[in-house]
1. Give me the pairs, please: first residue somewhere in the range 165-190 and under 12 Å from SER45 (Cα atoms), second residue anywhere and hydroxyl-bearing (Ser, Thr, Tyr) and open to solvent by 20 Å² or more (accessible area, probe 1.4 Å), beta-carbon distance under 8 Å, and either six or more positions apart or on two chains.
2. Condition first: free of Cβ contacts under 8 Å to residues at least 40 places away in the same chain and hydrophobic (A, V, I, L, M, F, W, C). Now tell me which residues in the range 269-299 satisfy that.
3. Taking the range 235-251 only, how many residues are free of Cβ contacts under 8 Å to residues at least 40 places away in the same chain and either in contact with a Lys or Arg (Cβ under 9 Å, 6 or more places away or on another chain) or open to solvent by 70 Å² or more (accessible area, probe 1.4 Å) (or both)?
4. Pairs under 7 Å by beta carbon, first residue in the same structural domain as TYR140 (by the TED database) and under 16 Å from ALA175 (Cα atoms) in the range 22-33, partner part of a helix (DSSP H, G or I) and not aliphatic (A, V, I, L, M), six or more apart or different chains?
5. If you take the residues in the range 165-218 that are more than 26 Å from ILE82 (Cα to Cα) and in a strand (DSSP E or B), which one is nearest to the chain's Cα centre (by Cα)?
6. Inspect all residues belonging to the range 234-243 and state whether any of them is under 20 Å from THR78 (Cβ atoms) and part of a helix (DSSP H, G or I).
7. Under 7 Å by Cβ, and 6 or more places apart or on different chains, what pairs join a residue from the range 203-218 that is closer than 15 Å to VAL246 by Cα with one that is among the basic types (Lys, Arg)?
8. Counting only residues that are part of a helix (DSSP H, G or I), among the hydrophobic types (A, V, I, L, M, F, W, C) and free of Cβ contacts under 8 Å to residues at least 24 places away in the same chain, which one in the range 95-131 is farthest from ASP56 (Cα to Cα)?
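The values are calculated or read from the model by the stated rules, or taken from the named source; none is laboratory data. The structure displayed is predicted, hence computed values, not measured ones. Reconstructed Cβ throughout: ideal geometry from the backbone, glycine too, with neighbour counts over all protein chains shown. We work out accessible area using only protein heavy atoms, side chains counted, and drop any ligands, DNA or RNA first. Shrake-Rupley method; radii C 1.70, N 1.55, O 1.52, S 1.80 Å.
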Amino acid sequence: MKSPLLSLPGAVPAEGVDEGVAAHYGDLFREQRALADGTGFVDLSHRGVVAVTGEDRLSWLHLLLTQHVSDLPAGEATEALILSAHGHIEHALYLVDDGTTVWAHVEPGTQEALIAYLESMKFFYRVEVADRTADFAVVYLPAGSIAEVPEGVVVRETAEGRDLFLPRADLEDFAAKAGPAAGLLAHEALRVEHHRPRVGFETDHRTIPHELGWIGTAVHLQKGCYRGQETVARVQNLGKPPRRLVFLHLDGSEVHLPTPGTEIRLASEGPDGRKIGFVTTSVRHFELGPVALALVKRNVPVDEPLVAGNTAAAQEVVVEP
């Protein structure tokens, strides 16, 4: 779904899964600084929006999600995962309940598969699931923003900012009043800085929550019954995840960033050494320079210098080995 904000001056369209919104508006670092200073907004209207209504919505979702939501207070933001039967991550939901409806935004284009799964699990519960992507656009306001939120708009607020579920018809009017627009690349740079994983970027077909540090934030360890819970419990109580998320400081002298999937090796073993991981997301940060998130084998020493392709990299621990 193409955003009308792509008509703003300087807008350069994003590509791939994020197609439909602006990657930037002509000045990537200025846009990052604006968000870091609590000004501006990010158009995330390409993300899927799912709404769940009905009096059983919270107790029903509690049975399906990794998060404890049966008593979720109205207005309190949370995040949750849906796992496969083997405990691999399939969906991440960023949700809030407004007192009558649970609103969630998900990765672009994944809402249909998510809704199909939810519909298959309704049984006798008094719930209705709807795809509201065509009617509502997600807009991000950074922490500290004083932008006025229109009356009646559902807000999901966290320490990092606010996600608005804005009527899509009001997107252009809101943009005209909300301050400078920042593109998706600025949003991604801050996501990487905060070590926040993203489904489809930091995950592959065998990723489990422990590898990405999602235990506690999206996975509640004092509840069970959801699909894949056995894997979560087994790793938590008996084992360790095979991989761990790391934050990489990349050599700033390189012209090109290592692309997602770039193989990582130990610097001590040289370019022909064994593969010990791969880059998941790489960005240029306005203060930190070139940085990345990556998955490496759990037993890689935390102080070991690495090489991502041909780029030297120093690792910062996100998930303890």
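1. GLY183/TYR25
2. Result: ILE276, PHE278, VAL279.
3. Within the range 235-251, residues that are free of Cβ contacts under 8 Å to residues at least 40 places away in the same chain and either in contact with a Lys or Arg (Cβ under 9 Å, 6 or more places away or on another chain) or open to solvent by 70 Å² or more (accessible area, probe 1.4 Å) (or both) number 3.
4. Matching pairs, first to second residue: HIS24/GLU31; TYR25/GLU31.
5. Looking at the filtered set, the residue picked out is ALA182.
6. Within the range 234-243 (the criterion being under 20 Å from THR78 (Cβ atoms) and part of a helix (DSSP H, G or I)), the answer is yes, since at least one residue qualifies.
7. GLU211/ARG243; GLU211/ARG244
8. This residue is ALA113.
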